[in-house]
Amino acid sequence: MMLSSCFRGTGPTARAGFVRGLHLGAPNPGSVINDDAYNNVSPSVAAKIGKDLHRCSAHPLGIIKERIELYFQKNTQALGQPQFKVFDDLPPIVTVEQNFDELLIPPDHVSRQPSDTYYVDAQRVLRCHTSAHQTSLLRQGEDRFLVCGDVYRRDEVDSTHYPVFHQMEGVRILTEEEAPARWDVSQRKEIASKDLKRGLEGLATNLFGNVEMRWVDAYFPFTTPSAELEILFRGKWMEVLGCGVIHDEVMDNAGRTGEVGWAFGLGLERLAMVLFSIPDIRLFWSEDPRFSSQFEAKTLTTFQPYSKYPPCYKDVTFWLPEDNFHNNDLFEVVRDVAGDLVEEIRLLDDFIHPKTQRKSRCFRITYRSMDRSLTNEEVDRLQEIVRGYITSRLDAELR
Ligand code: PHE
């Protein structure tokens, strides 16, 4: 079993009063890379498993997580209801059923494609959302719980995207007193929806103070109706979370036919970037004391940026391979080579040869370290390796 890389303040006192979930431990990162034809987990992503940033009390992600937990526990205490059970160490390897099928995500949905999701093998993925635990926990009889953990998505490269981030999920099933089974189901769902919205508006106020908010209709296959909460922050509407009343078929899949409840999910990085003024998502992973020493458990502070080092741009152009190429394939190759030294990859040009119909794309890669100046030689070397992999791994032809 892996030990969490952060020991600060995660002891029982920091969490007094919380009902804790089962400790199942983190898997060995090595085990997520194998020879299975489906396996597409890269070493740089595997290395993040078990870091458990959300369980570090003095890390911005841990601070936000605890604040959300505390909000829900206080709320339920005030109402004299039982506490939410917290599951913050469920292993990120889940089945395709848990991540997709049981949540009614259609078989042809883009999120299932290996260009978007990390597969361990044909049956197992690195969860792409904490919703993956909804049905199992409901099936095991849980009625009110919070799930927090690392989630994995193959995605673009810029200051707000990273292949690993953290989510917090909340689920609550209404009690017989709140919404008796003999009542009309639409009436019971109305009660769930109201309870959900009231609770989440309270959460947004707790986090952001007296901000303007609005509800926007949304679509998630596993909730209906579904909505997103947006807040007006520094003059811009920002999406904070997704939520909805749990779909009847999800309830059926969890063996809880006829019961009514709600679920929500939110991304911790997005909240933390705003609340601590953290400008780049890579900073969350920084082990530089100039970052880590700035934060204190239970406290929201403004991040003091330390000097940024100069960027170095490298363009690369290549003919796309004949069979399916996805930009994410390139993004991952660059992440694999450069790790956190890649800041951004931007598509500069998408070209189709008028005669041959052959396609070519040009990307600009920005290399920059958070901690030091990169030398030209170092960046040239990285770029050479990237170019080599474009040919050997992506089967593309450089121009
Ligand atoms: N899992 C959804 C996402 O990652 C969020 C969500 C959770 C929406 C629960 C509705 C209910 O986008």
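The values are calculated or read from the model by the stated rules, or taken from the named source; none is laboratory data. In this text the structure is predicted, and so the values were computed from the model without any measurement. Note that each Cβ is placed from the backbone with ideal geometry, even for glycine, and that neighbours are counted across all protein chains shown. These area figures cover heavy atoms from the full protein model, side chains too; ligands, DNA and RNA do not enter into them. Shrake-Rupley method; radii C 1.70, N 1.55, O 1.52, S 1.80 Å.
The mean sequence distance of close C-alpha pairs (under 8 Å, at least 6 residues apart), as a share of the length of the chain, puts its relative contact order at 15 percent.
Approximating the spin labels as points 7 Å out from Cα along Cα→Cβ, the Tyr71-to-Tyr306 distance works out to 3.1 nm. Using the 1.4 Å probe convention, the accessible area of the chain works out to 46 Å² per residue with neighbouring protein chains retained. Applying the criteria of a DSSP loop state and at most 12 other Cβ atoms within 10 Å to the trypsin sites (Lys or Arg not before Pro) of region 111-219 yields Arg182. Farthest toward the positive end of the dipole of the chain, out of Val45, Gly235, Val171, is the Cα of Gly235, where the dipole comes from beta carbon charges about the Cα centre.
Each 10 Å bin from 0 upward holds the following percent of the Cα-Cα pairs of the chain: 4, 21, 30, 26, 13, 5, 1, 0. Here Cys128 sits with roughly 10 square angstrom of accessible surface, probe radius 1.4 Å. Over the chain, with every protein chain in place, what whole percent of the accessible area is carbon and sulfur at 1.4 Å, could you tell me? Heavy-atom surface of the chain belonging to carbon and sulfur, 1.4 Å probe: 51 percent. Taking the inverse of the mean 1/r over every pair of distinct Cα atoms in region 138-187 gives a Kirkwood hydrodynamic radius of 14.2 Å. Pairs of Cα atoms nearer than 8 Å and 6+ residues apart set the relative contact order; for region 100-225 it is 21 percent.
How much of the calculated P(r) for region 312-398 lies past 20 Å, in percent of all Cα pairs? Intermediate values should be presented prior to the final figure.
Working: 1185 of 3741 pairs.
Roughly 32 percent, once rounded to a whole number.
Tell me the mean residue ellipticity at 222 nm calculated for the chain from its helices only (DSSP H runs of n ≥ 4, each -39500 (n - 2.57), averaged over every residue, nearest 500).
Values: 10 runs with 104 residues, N = 399.
Computed mean residue ellipticity for the chain: -8000 deg cm²/dmol.
Can you give me the angle between helix 376-392 and the longest principal axis of the chain, using Cα atoms only, in degrees from 0 to 90, rounded to the nearest 10? Value to nearest ten degrees: 80. Pairs exceeding 24 Å between alpha-carbon atoms, taken from Lys85/Lys197; Lys314/Lys359; Lys236/Lys308; Lys65/Lys189: Lys236/Lys308; Lys65/Lys189. If you plug the beta carbon distance of Ser111 and Thr160 into 1/(1 + (r/R0)^6) with R0 = 22 Å, you get a FRET efficiency near 0.75.
Taking every protein chain into account, the 1.4 Å probe leaves Glu344 with about 60 Å² of accessible area, to the nearest ten.
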